Structures are given as C-alpha cells and as structure tokens.
C-alpha cells in the first residue's frame with residue numbers, strides 16, 4: 001500500500017509573544033478582605049452577610065457565595081443576629097454606628113490604606129479645613145471617605161475643570177485627599193491646578209494613591225511600550241482596572257478590559273504579534289491563567305515576564321478574627 005501524503009489542511013498556529021506584567025492582580029488589601037470573609041464564615045458559621053461586593057470581581061464574589069457569604073446593598077437587609085462584614089472600599093461612619101445601635105457583630109474589612117485616608121480627613125476636619133476629595137462620584141470608596149465627616153465638609157473633584165471652577169469659602173483653609181485607585185497622571189494634573197490656584201493647600205504627607213495601584217500602572221506602561229495590544233483582566237466597576245486600560249491607551253497601545261478568557265475579542269487581536277496582559281488589584285491569578293490558556297489555544301504563544309517591582313506587603317486581619325487566623 002502506498003504511503004498517504006501528510007495532512008496539510010491544518011494550518012500552523014500564528015506565533016504570539018505574551019508580555020505578562022508584574023506586579024499584577026491581588027494587592028494586600030484585597031487579599032486581607034477575602035481572608036476576612038473566609039475567616040468570618042469559619043468563626044461564625046454561614047451565612048455571613050457582606051455589605052456591598054467585598055471587592056469588585058464577580059469570580060471572587062461568587063466563590064465566597066459558594067461557601068456561605070450573602071452580599072447585600074444595605075445594612076437593613078441583614079438580620080439582627082447575623083454577623084456582617086464591611087467591604088474593602090470602606091463605609092461612611094453612619095454604617096458602623098447603625099450596626100452598634102442594633103448590637104450587631106460586624107467586621108471591618110476596609111483596606112488599611114483607605115483607612116489612612118479616613119484618618120487624614122478627620123484630622124483636616126478637626127483643624128477647620130475644607131477637604132477636597134479627588135475621585136469618581138458614586139464609587140464606594142469615595143462614598144465611604146466623604147462619609148467620615150458631616151455633609152458639606154468636603155467637595156468632590158473629578159476633573160481639572162472641577163479644580164478650575166472651585167469657589168471655596170476660605171481659599172486659605174483647604175486640604176485634599178484622593179481615592180486610592182486613581183491614575184497617577186490624572187491626579188497630578190488636578191493637584192497641579194489646585195496648587196496653582198490655592199498656594200496654602202495642604203497636601204497629604206504621603207501619596208494617597210496606593211502602592212499597588214502605582215506599581216500596576218508602572219508595570220503596564222513598560223508592557224505597553226513593547227506590545228501591539230494590552231488585555232486588562234478585571235471588572236467594569238473596578239476603578240483600578242479601568243485606570244490600567246486608560247494608562248495603556250495613553251502610552252499609545254490599544255487596550256481592552258476582559259473579565260474571563262471567554263471575553264476575548266479575537267478579531268480585535270488580528271495582526272498583533274505581541275500582547276500584554278495585566279490584572280486589576282481585585283482580579284485573581286486564576287483568571288490570568290485562564291486568559292493565557294485561551295491565547296495558547298489560538299496561537300503558538302510564549303510568555304515573557306516584565307517585572308518593574310516586587311511586592312511583599314501583608315496586612316493583619318482585625319482582632320475579632322485573630323483567634324482563628
């Protein structure tokens with residue numbers, strides 16, 4: 001019998017270089033918040049209620065729901081005898097006050113770096129300063145931070161135009177704080193305008209934008225220089241993930257946000273030889289692996305790590321959970 005010719009109908013996979021940003025994904029505050037919910041379920045038993053998404057990622061939320069977490073929007077939805085966890089984004093002072101009035105057991109999972117901003121707000125308020133909050137209206141962190149003082153004690157600024165149009169009662173008694181998950185460049189532009197208009201403005205002693213946000217933005221800038229496209233893994237309501245998309249775009253590299261490997265727009269990747277990948281601070285590494293596997297299914301792909309910083313920050317869990325931590 002004659003040898004059959006080799007099957008040439010299957011075309012060879014196109015080659016693709018994947019530049020994997022490092023750092024990426026979970027930060028210490030997110031790690032701590034998830035651990036708090038897990039430990040609370042272990043200590044108190046299911047269900048444990050969580051006010052708002054503990055972090056902005058559906059995969060994480062659904063994983064916690066599977067072991068007994070119940071996510072609610074308001075404290076009123078929590079039965080009186082059930083434990084409740086406050087999300088990593090922080091809450092207005094009225095929320096724990098209401099929980100205490102009801103004699104509820106509550107665990108505060110607010111990121112320590114967000115809590116630091118809350119304490120700064122209290123200090124400025126006590127000193128008689130009007131506080132300017134640079135952030136995004138409606139974001140849970142902004143609501144929580146502005147809720148540390150009486151209504152009218154703070155003004156929210158989202159753009160340089162907001163800073164230009166600000167008319168404070170006392171221009172010499174102003175201080176500012178920022179949402180921790182903003183773009184470093186956008187914040188710098190707003191701060192520059194404020195400093196130009198109000199020379200007596202009190203700045204934070206240390207940058208409010210958290211180390212993880214800054215590190216992830218620095219890493220994606222390096223990746224964007226070398227990539228044809230950038231994929232950011234994260235949720236649409238995740239501020240730090242959306243900022244990573246913006247940072248890449250400002251570097252001249254088209255970027256898209258995806259939540260899972262199944263969300264990849266393959267047509268958008270046409271012609272790309274190098275694709276950068278990063279993940280927002282609330283996106284778990286398992287989703288990064290899922291996206292890489294999806295790309296390897298379509299391409300002959302090789303992964304190269306692009307490291308711009310090493311992170312070793314760990315935050316302790318609250319005292320109420322230390323006995324089982």
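Each reported figure results from applying straightforward, stated rules to the coordinates on display, with no laboratory input. Being a predicted model, the structure only gives us computed values, none of them experimental. Reconstructed Cβ throughout: ideal geometry from the backbone, glycine too, with neighbour counts over all protein chains shown.
Order these by the 10 Å Cβ neighbour count, fewest first: 118, 125, 56.
125, 118, 56
Would you mind telling me which residue in 298, 35, 93 has the biggest mean-square fluctuation in a Gaussian network model of the chain, where springs connect alpha carbons within a distance under 10 angstrom?
298
Please order 196, 14 by the number of other Cβ within 10 Å, starting at the fewest.
Least crowded to most crowded, the residues run 196, 14.
For the chain, what does the helix formula give at 222 nm: sum of -39500 (n - 2.57) over DSSP H segments with n ≥ 4, over the residue count, nearest 500 deg cm²/dmol?
-11000 deg cm²/dmol, from helical runs alone.
For the range 89-194, what's the radius of gyration and Dmax over Cα atoms, in angstrom?
Spelled out, the Cα radius of gyration and Dmax of the range 89-194 are 14.4, 46 Å.
Angle check, please: helix 28-44 long axis (alpha carbons) against the longest principal axis of the chain (alpha carbons), in degrees 0 to 90, nearest 10.
Between helix and principal axis, roughly 80 degrees.
Considering only C-alpha atoms, what is the centroid distance from the range 268-298 to the range 32-50, in Å?
31 Å
Please arrange 239, 192, 183 by counting, for each residue, the other beta carbons lying within 10 Å of its beta carbon, fewest first.
Least to most surrounded, the residues fall as 192, 183, 239.
Each label point is 7 Å from the Cα along the Cα-to-Cβ direction; what then is the distance between the points at residue 286 and residue 153, in nm?
The two pseudo-label positions are separated by 4.2 nm.
Gaussian network model of the chain, Cα springs within a sub-10 Å range: biggest mean-square fluctuation belongs to which of 262, 274, 307?
Highest fluctuation of the listed residues: 262.
Using the beta-carbon distance between residue 268 and residue 311 and R0 = 41 Å, what value does 1/(1 + (r/R0)^6) give for FRET efficiency, to the nearest 0.05?
Efficiency for this residue pair is about 0.85.
Please find, in a Gaussian network model of the chain (springs between Cα atoms separated by less than 10 Å), the residue of 155, 282, 248 whose mean-square fluctuation is greatest.
Looking only at 155, 282, 248, the largest GNM fluctuation is found for 155.
What is the angle, in °, between the Cα long axis of helix 184-197 and the longest principal axis of the Cα atoms in the chain? Nearest 10 is fine, range 0 to 90.
Computed tilt is about 30 degrees.
Measure nothing but the geometry: give the 0 to 90° angle between the long axis through the Cα atoms of 211-226 and the longest principal axis through the Cα atoms of the chain, rounded to 10°.
That helix lies at roughly 30 degrees to the long axis.
Could you please state, rounded to a whole Å, how far the C-alpha centre of the range 201-233 is from the C-alpha centre of the range 168-193?
Measuring centre to centre over Cα atoms gives 18 Å.
How much FRET efficiency would the formula 1/(1 + (r/R0)^6) give for residue 13 and residue 46, where r is the Cβ-Cβ distance and R0 is 45 Å, rounded to 0.05?
That gives a FRET efficiency of 0.50.
How many angstrom lie between the Cα centre of the range 93-139 and the Cα centre of the range 62-85?
21 Å
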